[in-house]
Amino acid sequence: MSRTEEKAPAQASRTLRNTLRNRAIRPANRTSLEEINGTVKIAPRETGFLRSLLSFSGPGALVAVGYMDPGNWVTSIGGGQQFGYLLLNVILLSSLVAMLLQYMSAKLGIVTGMDLAQATRAHTGRKLGVVLWISTELAVMATDVAEVIGAAIALHLLFGMPLLMGVCLTVLDVLLLLLLMKLGFRKIEAIVATLIITIVAVFVYEVVLAQPDMTQVAVGFLPSTQILHHQQLIMALGIVGATVMPHNLYLHSALVQSRAYDRTDEGRAHAMRFATWDSNIQLGAAFFVNCLLLLLGGALFFGKPGDLSTFGSLHDALQNPELAGSVASPVLSTLFAVALLASGQNSTITGTLTGQVVMEGFIHLRIPLWLRRLVTRLLAVIPVVICTVIFNGSEVALEQLLVYSQVFLCVALPISMVPLVWFTSSKKIMGERFVNKRWICALGWLSTAVLTALNLQLMWSLAQGLL
């Protein structure tokens with residue numbers, strides 16, 4: 001190796017430190033998700049668009065999982081059952097806001113070399129960092145609770161497995177994740193993408209059988225004053241509140257750094273272009289899935305009696321001719337459970353990774369990889385196990401826990417959105433080239449204000465339901 005080659009890494013490191021110093025942000029103590037940071041090779045910059053896009057594709061899929069997790073299913077299908085296709089425009093608007101926020105998250109990670117947790121910690125003191133970590137960890141735990149419950153119920157519906165056993169089995173996901181990490185991060189991305197394709201295929205098949213009225217579907221994408229009525233507004237709040245998840249903002253800013261792009265302004269601009277394409281394509285798939293869920297509820301169950309607020313009731317309704325009509329069959333209900341299991345498995349992988357990002361970023365806690373991921377999973381499993389034991393394996397009780405866990409997400413959302421918009425709108429942090437344009441900045445703050453207000457309203461509604 002020549003002297004020039006030996007000096008290159010040191011010069012690159014000094015260049016990064018100087019760049020961050022000029023942008024008024026302190027470098028993190030360690031790289032984000034260091035075991036995968038910069039490990040995935042990308043196509044040369046002069047390569048064609050499609051090949052470059054494929055080399056950057058992957059992080060968007062892991063992020064999109066959070067927008068089609070089990071926590072969204074009952075809300076979307078329930079919205080279709082109660083109001084037909086009226087709320088399709090709410091799903092569309094929520095997805096556009098999600099694309100904007102995930103774009104900012106990816107940009108923060110690529111430009112600063114830090115994830116959102118590290119960047120937030122760099123601008124706060126140690127005590128405040130611990131407080132932020134606790135609140136964000138609760139949000140991650142609340143998200144993970146939904147995935148654990150979804151996977152456990154899917155196992156119960158498919159194999160008759162007791163819910164407590166299903167909950168405990170989800171701990172093994174950590175061992176699976178550790179094994180997959182040994183095989184390479186691209187393997188994880190491929191598995192997640194395959195599970196997403198499975199979910200899409202199942203619901204495309206079921207919606208085609210349901211034969212929704214496409215004219216009414218098109219009308220559903222147009223804004224309507226009917227949404228302002230009390231019941232419709234509550235359901236719309238639930239859809240919006242369940243769509244933008246705070247943990248995704250932390251995760252995306254870390255995952256985009258897995259690509260081995262040049263840590264120069266030109267290299268970052270190239271990475272930003274394709275990371276944005278990847279994110280928007282995958283979030284478009286999530287939008288498609290959520291629309292399919294609402295179409296399924298509207299086409300099969302709109303105007304039908306019965307409460308479809310639980311996974312079990314939806315599973316049973318799909319094989320009940322009185323509710324699902326002539327298309328009802330055990331095949332439909334089985335496919336629903338398979339898709340639920342795929343969604344739960346997908347989300348547990350991303351939830352565990354997010355727990356690692358948050359723990360390392362906010363409190364700089366360095367513990368063995370296997371222990372860190374086991375702790376993250378146990379934080380989610382323990383409350384679900386307690387609830388399962390106390391209520392004697394009641395599915396209804398578990399799904400009530402899923403609903404109440406959304407309160408933590410409502411609280412944590414502004415804690416993640418406010419610093420994200422602020423960081424990416426600051427020239428001192430992002431530099432002249434990468435700072436948000438004024439219209440993006442305005443949309444970011446507007447989205448933050450509206451989503452925070454909606455989530456506070458949703459939290460108030462949940463609190464009233466407990467009284």
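The values are calculated or read from the model by the stated rules, or taken from the named source; none is laboratory data. Quick caveat: nothing in here was measured; it's all calculated off a predicted structure. Heads up, the Cβs are rebuilt from the backbone with ideal geometry, glycines too, and the neighbour counts pull from every protein chain shown.
Per-structure values
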{"read-out": "Given (1) under 23 Å from Cys441 (Cβ atoms); (2) small (Gly, Ala, Ser); (3) buried (at least 24 other Cβ atoms within 10 Å of the Cβ), index of the condition Ala139 fails", "value": "(1)"}
{"read-out": "Every residue from segment 307-339 that is crowded, with 16+ Cβ neighbours inside 10 Å, of a type outside the set (S, T, N, Q) and more than 25 Å from the chain's Cα centre (by Cα)", "value": "Asp316, Ala317, Leu318, Leu323, Ala324, Val327, Ala328, Leu332"}
{"read-out": "Selection status of Arg273, basic (Lys, Arg), crowded, with 22+ Cβ neighbours inside 10 Å and part of a helix (DSSP H, G or I)", "value": "no"}
{"read-out": "Answer residue from segment 45-79, given it is at pLDDT 90 or above and in a loop (DSSP other than H, G, I, E, B) and is farthest from Ala193 (Cα to Cα) among those", "value": "Ser57"}
{"read-out": "Residue among Leu420, Leu413 that is within 21 Å of the chain's Cα centre (by Cα), modelled with pLDDT of 90 or more and assigned to a helix (DSSP H, G or I)", "value": "Leu420"}
{"read-out": "Check on Asp316, of a type in the set (D, E, K, R) and modelled with pLDDT of 85 or more", "value": "yes"}
{"read-out": "Hits in segment 348-401 (condition: in contact with a Lys or Arg (Cβ under 8 Å, 6 or more places away or on another chain) and under 24 Å from Gly160 (Cα atoms))", "value": "Thr348"}
{"read-out": "Test: residue in segment 111-120 that is surrounded by fewer than 24 Cβ atoms within 10 Å (Cβ to Cβ) and assigned to a helix (DSSP H, G or I)", "value": "no"}
{"read-out": "Qualifying residue in segment 323-332 (condition: over 26 Å from Gly79 (Cβ atoms), in contact (Cβ under 8 Å) with a residue 24 or more places away in the chain and in contact with a helix residue (DSSP H, G or I) (Cβ under 8 Å, 6 or more places away or on another chain))", "value": "no"}
{"read-out": "Answer residue from segment 80-110, given it is outside any helix (DSSP H, G or I) and in contact with a Ser or Thr (Cβ under 9 Å, 6 or more places away or on another chain) and is surrounded by the fewest Cβ atoms within 10 Å (Cβ to Cβ) among those", "value": "Leu86"}
{"read-out": "Of the criteria (1) over 30 Å from Val111 (Cα atoms); (2) within 18 Å of the chain's Cα centre (by Cα); (3) of a type in the set (A, V, I, L, M), which one Leu255 fails", "value": "(1)"}
